[in-house]
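One structure is given here, and the rest of the page talks about it.
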Amino acid sequence: MKMKSLVAAACMALAGTAAQADGHGGKVKVGMITTLSGGGAGLGIDVRDGFMLAAKGNDMLELIIEDDQQKPDIAVQLVDKMIQSENVDVLTGIIWSNLAMAVVPSATAQGKFYLSPNAGPSALAGKGCSPLYFNVAWQNDAFYEASGLWANDNGISKVFLMAPNYPAGIDGMTGFKRTFKGEVVNEVYTKLGQTDYAAEIAQIRASDADTVYFFLPGGMGISFMKQWAGSGVDKAVMGPAFSFDQGILGAIGEAALGVKNTSHWSKDLDVPGNAEFVQAFQDEYGRLPSLYAAQGYDTALLLMSAMGKADVNDAEAFQAALEEADFQSVRGKFSFAENHHPIHDIYMREVVKEGDVVTNKIIGVAATDHTDVYGADCKM
């Protein structure tokens, strides 16, 4: 659904949250700037839909949604508009790390809370951290560090790395190399938005790697996997969940079967509230949720938990309420490290076919109580 701007009374929390928020008087106005058009639209749509599902029925939230078109200059313009013209209390929604690097410092410098439902660049976890910035998804290195640990324990010795040349891609490969004890035979950085991978597949074919480890989000991952399936190259494939989320698997199909990928969330994760979330999302939108939808859902739950404890106009109290993370995450355990980035478990999943649906299934734990390494540089 194409959406340039939407103003909606956003939606519902878990039982009792709206009643808790009533004691603080006045609505909380949320500005969501996310990607709703172009090749990365599916990611932003899932974040938006997950957030709105969690908030459904909560009349203490007012949500303003804008499309950043995956362009940093547009995103910065929208931030200024939302703060100066719309007078929002909280901002959220950015998918891409290069946009986050443009948007988050601008928002926090103007005294606004920013809750990230996706992007987690290292700069914002370390020296660029802020008391007003909370990441509800992950720090960019996380899934990759967990993949490196899994590779060490499962006989993978030679890896070909590939990612887009932008902050999340560079952070990701850095994270994998931080924990992987084997040999990286090649490391290739592609253009962001690239769709033709013939040259890279030729390099992979010629290498002696036993495994290809790549991060290509959105349409990039779809293009690569379709070309990979027709290439005849016989090497194992691994990656973070961003390249194998439910939306991408719907487009790739059986070509992705057997791929291993790390995630903090999966539809089959047996934790309180997750099965109910998956069913509610299917009922509301007619499709399975992705990890982006789960992150949008958690972001709304975090926000509403803080609304139940403090007035957003009391920044110190509201920050403290957010830091408590007093909500039931659909990923299970969730808390914030001192740099306001998650401490959580990360799982290894395998792409399987269930009936006619290609999806993910958890096959093990890749990292327990994982947190990022950049917090030591965060001085709040």
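Here are the numbers:
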item	result
Amide H partners (placed H, <5 Å) of residue 192, local residues excluded	165
Of 81/127; 158/361; 309/361; 71/309, pairs whose Cα-Cα distance is over 29 Å	309/361; 71/309
Convex hull volume per residue for the chain, taking Cα atoms only, in Å³	119 Å³
Rounded to whole Hz, the Karplus (6.51, -1.76, 1.60) HN-Hα couplings of the stretch 63-68, x for glycine and proline	10, 10, 10, 9, 8, 7
Cα gyration tensor, the stretch 143-270 - rounded (a/c under 1.5), prolate or oblate	rounded
Computed E for residue 85/residue 315 - FRET, C-beta separation, R0 22 angstrom, nearest 0.05	0.55
Neighbour-limited loop hits for trypsin sites (Lys or Arg not before Pro), the stretch 160-217 (at most 15 other Cβ within 10 Å; DSSP other than H, G, I, E, B)	181, 191
Ranked by how many other beta carbons lie within 10 Å on average, peptides 54-67, 332-345 from highest	54-67, 332-345
Potential lengthening between residue 233 and residue 328 on full extension [0.36 nm per residue; Cα-Cα distance subtracted]	29.9 nm
Fewest-first ranking of 129, 378, using other Cβ atoms within 10 Å as the exposure measure	378, 129
Ratio of the Cα radius of gyration of the stretch 81-198 to 2.2 N^0.38 Å, where N counts its residues	1.25
Alpha carbon Rg of the stretch 239-355, scaled by the compact-globule rule 2.2 N^0.38 Å	1.20
Along each principal axis, Cα extent of the stretch 162-236, largest first, Å	32, 27, 15
Cubic angstrom per residue, convex hull over Cα atoms of the stretch 72-139	69 Å³
Footprinting exposure proxy for 278, 79, 188, 259 (fewest neighbouring C-beta atoms within 10 Å first)	188, 278, 259, 79
Neighbourhood charge, 13 Å Cβ-Cβ cut-off, centred on residue 344 and excluding it, Lys, Arg +1 and Asp, Glu -1	-3
Rounded tilt (10° steps) of 219-229 against the dominant C-alpha axis of the chain	20 degrees
Neighbourhood net charge (13 Å Cβ-Cβ; Lys/Arg +1, Asp/Glu -1) for residue 271	-2
Between helix 72-84 and the chain: long-axis angle, C-alpha atoms, 0 to 90°, nearest 10	10 degrees
Crossing angle, helix 291-307 versus the chain [Cα axis fit, 0-90 degrees, rounded to tens]	20 degrees
Environment charge at residue 378 (Cβ cut-off 14 Å; Lys +1, Arg +1, Asp -1, Glu -1)	-2
Stretchable slack from residue 153 to residue 187, in nm (0.36 nm times residue separation minus alpha-carbon distance)	10.1 nm
Extension gain, residue 376 back to residue 337 (0.36 nm per residue minus Cα-Cα distance, nm)	13.0 nm
Neighbour-count order for 157, 97, 85, fewest beta carbons within 10 angstrom listed first	85, 157, 97
Spin-label zone in the stretch 324-345 - amide nitrogen under 17 Å from a point set 7 Å from the Cα of residue 279 along the C-beta vector	330
Pairwise label distance in nanometres, residue 195 with residue 56, each label 7 Å out on the Cα-Cβ vector	3.4 nm
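FYI, it's all coordinate maths here, none of it is from the lab. Here the structure is a predicted model, which means the values were calculated and not measured. All Cβ positions, glycine included, derive from the backbone under ideal geometry; neighbour counts span all protein chains shown.
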